[in-house]
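Q: My structure is below; once you've seen it, I'll send some questions.
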Amino acid sequence: MERNGLEPAIRLPLKDTRGTVVLWQRLDRILGYQHPYGEASRKRLSQTCREIELHLGMVFHRFLTGEVRRKRFKFLLNGNEIKPWDPFCRAENKTKALQEIRIPVEHEGISGDVLLEPFVLPHQDDFSSPDAFRLASGPANWNQQQGFYIYRAGRMIQSGGWSNLRAPDEHTKLARIAVSFSPELDEAFKINVAKMRVQLPTLIRDAVREAVVPVVRLAREVYDRKPAKAPTPPSRGPVTPPIDPAREGPQPGTSATATNRPTPDDRTPLLTLDQWSERLLMAATEKERPVVEAVLKRL
């Protein structure tokens, strides 16, 4: 080590350009192996580096593509350039970009807008390739990557999850929504110092919940490959003729018990837990909603 504790190899990348170099030492303590120079620890270190690349490519993807500040920059990890990961698959032809929504926020005298950008990803069969579908699953895989992607000044703070507004569901895994806010609203979003945790402000939760409904509905239709308005399925078997209210007693060929019992085709279809969750949250009052959300979260 030279003076100031920096090796020439660390200072060399900054010789002809500006930037930041991060040096990590004593990684054997992170790996937890008794012999940090063995083959097992080498493989674990390689896997850790790959996980870091994926994480940085996700968190800073707007910077890596030049969407922020209109200027592109790059990260290098052990000499490997980190590639951006777009959670909304905007390069796929079948990705659906829905109408943007702006929600005004005022917190402790500070006003601003929260921008919602909803996307519905393509059905698995409509991706450009199997590799593109696998890449779109993200670091945490499909079901955990659905939901909100919250950005502060272009940097991703939260990747996936519904912020306790609903539960993740296999049938809605194609729904992803970008939620963007400026640093002026840090207090409203209760962002921590490390910028790793964030909460949706209470004042906009109802508006966000309402905006999510059509996105989730379309995502379910794409996943199930159903049209927006499914035609009524044809009835199976004989249909019981309607009863004339002017006549008393059972109709010919029926009994009093049979006329009061619905046929299998007349029964209300069973609802999934996800569908029940939506109905309960929509029906709940503001005071009831925290209790309903807590119960649904346990389920």
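The values are calculated or read from the model by the stated rules, or taken from the named source; none is laboratory data. The structure displayed is predicted, hence computed values, not measured ones. Glycine gets a Cβ as well: all are built from the backbone with ideal geometry, and neighbour counts include every protein chain shown.
Q: Scan the range 104-130 for residues that are assigned to a strand (DSSP E or B) and under 12 Å from Leu174 (Cβ atoms) and report the count.
A: 3
Q: Now a separate question. Look at the range 11-28 and say how many of its residues are modelled with pLDDT of 75 or more and surrounded by 10 or more Cβ atoms within 10 Å (Cβ to Cβ).
A: 5
Q: Please give the number of the condition Leu135 fails out of (1) more than 27 Å from Val213 (Cβ to Cβ); (2) over 19 Å from the mean Cα position of the chain (by Cα); (3) surrounded by 14 or more Cβ atoms within 10 Å (Cβ to Cβ); (4) not assigned by TED's automatic domain parsing to the domain that holds Arg50.
A: All conditions are met except number (2).
Q: Quick one: which residue in Leu203, Leu218 is hydrophobic (A, V, I, L, M, F, W, C) and either under 25 Å from His61 (Cα atoms) or more than 15 Å from the chain's Cα centre (by Cα) (or both)?
A: Leu203
Q: Now for a different question. Return the pair list, or none, for Cβ contacts closer than 8 Å from residues in the range 214-236 that are in a helix (DSSP H, G or I) to residues that are small (Gly, Ala, Ser) and modelled with pLDDT of 95 or more, at least 6 apart or on different chains.
A: Listed by first residue and then by second, the contacts come to Val215/Ala175; Val216/Ala175; Leu218/Ala175; Ala219/Ala175.
Q: Moving on. Could you figure out which of (1) at pLDDT below 95; (2) surrounded by 21 or more Cβ atoms within 10 Å (Cβ to Cβ); (3) of a type in the set (Ser, Thr, Tyr) isn't true of Ser182?
A: (2)
Q: Quick check on my filter: what residues within the range 93-108 are within 22 Å of Ser137 (Cβ to Cβ) and surrounded by fewer than 18 Cβ atoms within 10 Å (Cβ to Cβ)?
A: Scanning the range 93-108 gives Asn93, Lys94, Lys96, Ala97, Leu98.
Q: Could you please give the count of residues in the range 165-192 that are farther than 17 Å from Val213 by Cβ and assigned to a loop (DSSP other than H, G, I, E, B)?
A: Going through the range 165-192 one residue at a time, the tally reaches 4.
Q: Sticking with this structure for a sec: From the list Lys43, Lys74, exactly one residue is modelled with pLDDT under 85, part of a loop (DSSP other than H, G, I, E, B) and not assigned by TED's automatic domain parsing to the domain that holds Asp131. Which is it?
A: Selected residue: Lys74, the only one of Lys43, Lys74 that is modelled with pLDDT under 85, part of a loop (DSSP other than H, G, I, E, B) and not assigned by TED's automatic domain parsing to the domain that holds Asp131.
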